[in-house]
Amino acid sequence: MVIVSIIFAAINSSGLNYIGFYACFRFVIITSLLISLVDKFPNKVVNPERLLLVIIGINLLACVFQLFQPACASLFYNLYWKPGNAPLEYALEHGFVRGYGTFGSPIVLGVFSLFTFSYFLSVKKNFYGIFLSIILGLLALSKTFILGSIIIVLLYLFFYCRKANFIMRIRKRTIFSFFRVSLFVLFIVLILYVLVLYMDKQGIPILYYINLIGDPLAAFVTRYDASDGNMIPLIEAFQTNPVFGYGDSDLPGVFVGDTSFFVILYSTGLIGFTLMILFFFPFVYHSLINLKWKNYAFLVVVAYFISYIGTNIYIMPISSFIIYTMYLSNKRFFNSVS
């Protein structure tokens, strides 16, 4: 992206966005360092499970204050504001209607919630992590989380409940175990139901986002509607220069954001998009191979790419941490079976 930005700026006599360059280099350096740590010290790196539970707890606390203590709006605004952060400016004026957590954005919080949900569901089988991730995703009012978590659960059931293995597992279960699990799930659903009702009573538009489960395509109307979708100018710009893209340059009337896939195509063209595919190919390949041993870390990879559809996170620090966790999970599992 840096090379394309320099070339495009030279051709069009425009300025360079050095902050964008810094973000790219930061992402590359952080990701490289984290992966190097896993390669050199696979048994000594920080356990993501405990770290993620701590981060979830801190963000839940922040969301509770943001949503249910309006007086805290100025505090969080001063902590996380930066130029161009329109959601925080809106929150300062009208109050928080979505949980921002410590990320300064409900969109990034939704991505984090989806990642932790898929991680605790497919890799660690940690109920507390799953439950807290669901609450955090609901507080963020994130389309990415709500629709993405449904996809992750369906894929998990598909892999876990393959016919031969599923019938064998049913035979091993007693009626008592079945009812115990059913009551447990019912209890969790009841808690979430009460939370949704309370949020709706507080004027938080949670029901709008829940209803997207029945009509998921409605989540994309504001972005891809042919008449006024905010991503249409970006797609048209890419079609004009599809090979190299425009780097970090800003074109008049083009909003660069919301969808990482299109941002990558806009910034680096088909060349950069191809390099991205080559970078992630080993993650996807090894995750698919691990499915043979009932390791479902592949779902974390799926969750990461789902977040690419709804957010522009591909060079954010959270993206580096997710890649690190995916790499660590596959590495440790490979070492355990080899």
Problem set entry | Heavy-atom accessible area order for 227, 105, largest first, 1.4 Å probe | 227, 105
Exercise. Non-local amide H neighbours of residue 255 (under 5 Å, H modeled in plane, Pro and chain starts lacking H): which ones?
Worked result: 234
Exercise. Using a 1.4 angstrom probe and counting only protein chains, how large is the accessible area of residue 236 in Å², to 10?
Worked result: 100
Exercise. Under a 1.4 angstrom probe, counting protein chains only, how are 222, 268, 102 ranked by accessible area, largest first?
Worked result: 222, 102, 268
For this session: Would you kindly calculate the mean projected area, averaged across all directions, of the convex hull enclosing the Cα atoms of the range 92-146, in square nanometres?
Result: 3.6
Exercise. Hey, rough spin-label estimate for residue 197 and residue 185, points 7 angstrom out along Cα→Cβ, what's it come to in nanometres?
Worked result: 2.2
Seminar exercise, completed: Largest-first ranking of 271, 210, 130, 146 by accessible area, probe 1.4 Å, whole protein assembly kept, is 271, 210, 130, 146
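The values are calculated or read from the model by the stated rules, or taken from the named source; none is laboratory data. Predicted model only: the values in this text are computed from it and were never measured. In this analysis, Cβ positions are derived from the backbone assuming ideal geometry, glycine residues included, and neighbour counts consider all displayed protein chains. Accessible surface is based on the protein model in full, side chains and every heavy atom, while ligands, DNA and RNA are left aside. Shrake-Rupley method; radii C 1.70, N 1.55, O 1.52, S 1.80 Å.
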